[in-house]
Amino acid sequence: MTKIIALAGSLKNQSVNKRLVLIAAKAAEQAGVEVQYLDLADFNIPLFSEDLEAEGTPANVNDLKALFAGSQGILLATPEYNGSISGVLKNAIDWLSRPSNTSSDIGSAFHGKVVGLMAASPGGLGGIRGLSHTRDILFNLGAIISPGQLALPSAYAAFDEQGQLVDSTMAERVQQLAQEVSRLATAINAT
Ligand SMILES: Cc1cc2nc3c(=O)[nH]c(=O)nc-3n(C[C@H](O)[C@H](O)[C@H](O)COP(=O)(O)O)c2cc1C
């Protein structure tokens with residue numbers, strides 16, 4: 001079965017990006033793929049250092065990489081920090097881009113994976129500037145970026161008490177993105 005990872009580039013409990021990606025994850029499940037939601041806060045990833053790496057990649061990082069490597073698609077919602085990608089997400093990507101101690105599995109996390117990009121921000125642009133940087137990074141790692149990215153503005157007022165999007169047009173766009181990623185990931189899984 002086609003597998004998709006869903007995660008947000010935020011450690012915050014009440015992260016709006018976590019809320020957004022959870023909606024996309026549900027839509028992808030409804031589209032018929034297996035979705036595993038990951039909270040980066042559960043992985044306790046240290047700041048990347050080549051000295052630390054030389055001592056041995058942390059087991060949690062290897063576990064995370066194995067989950068990515070076993071998937072065909074990634075749904076990713078990232079906060080925009082200072083017009084760019086969040087440090088938390090960039091740090092995770094840097095670790096995931098490295099080979100494991102025991103094998104030359106460099107590239108296994110992102111190469112050839114379909115990525116659906118989203119951002120949520122309390123601001124008016126919805127984090128779209130950070131998305132273009134995230135897109136560049138993942139493209140460099142060989143990911144196939146789905147064309148239908150979306151940025152959710154005014155995100156602190158965008159969800160109802162059930163965690164659903166208030167705006168039906170935005171809800172439809174999230175669903176379309178999740179369906180697109182599911183369809184492309186399924187096609188890759190079949191090859
Ligand atoms: C260091 C820092 C920088 C930020 N820079 C931006 C920014 O450039 N653009 C923006 O729209 N929001 C910015 N914000 C606000 C975030 O969008 C907001 O904190 C958001 O809730 C983060 O997403 P999360 O709730 O998923 O963690 C920044 C927040 C922090 C802490």
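The values are calculated or read from the model by the stated rules, or taken from the named source; none is laboratory data. All values derive from a computational prediction rather than experimental measurement. Every residue, glycine among them, receives a Cβ derived from its backbone with ideal geometry; neighbour counts consider all protein chains shown. Only protein heavy atoms, including side chains, enter the accessible area calculation; ligands, DNA and RNA are left aside. Shrake-Rupley method; radii C 1.70, N 1.55, O 1.52, S 1.80 Å.
Observations on the model:
- Here Lys65 qualifies as in contact (Cβ under 8 Å) with a residue 24 or more places away in the chain and more than 12 Å from the chain's Cα centre (by Cα).
- Only one of Leu125, Leu131, Leu152 that is over 16 Å from the mean Cα position of the chain (by Cα), within 12 Å of the ligand (Cβ to nearest atom) and closer than 17 Å to Thr78 by Cα: Leu125
- Residues that are closer than 19 Å to Asp136 by Cα and open to solvent by 30 Å² or more (accessible area, probe 1.4 Å) number at least 2 in the following helices (runs of 4 or more DSSP H) confined to segment 1-97: 87-96.
- The single residue among Gly124, Gly142 that is at positive phi, open to solvent by 20 Å² or more (accessible area, probe 1.4 Å) and of a type in the set (Gly, Ala, Ser) turns out to be Gly142.
- Close pairs (7 angstrom Cβ cut-off, 6 or more residues apart or separate chains): touching a residue at least 60 places away in the same chain (Cβ under 8 Å) in segment 11-26, part of a loop (DSSP other than H, G, I, E, B) and within 9 Å of the ligand (Cβ to nearest atom) anywhere: Asn17/Gly9; Asn17/Ser10; Asn17/Thr78; Asn17/Pro79
- Ala178 being part of a helix (DSSP H, G or I), over 18 Å from Phe110 (Cα atoms) and touching a Leu at 6+ places or on another chain (Cβ under 7 Å): no
- Test for Asp94: is it in contact (Cβ under 8 Å) with a residue 40 or more places away in the chain and acidic (Asp, Glu): yes
- Out of Lys12, Lys18, Lys26, sole residue that is among the basic types (Lys, Arg), closer than 14 Å to Met118 by Cβ and within 14 Å of the ligand (Cβ to nearest atom): Lys18
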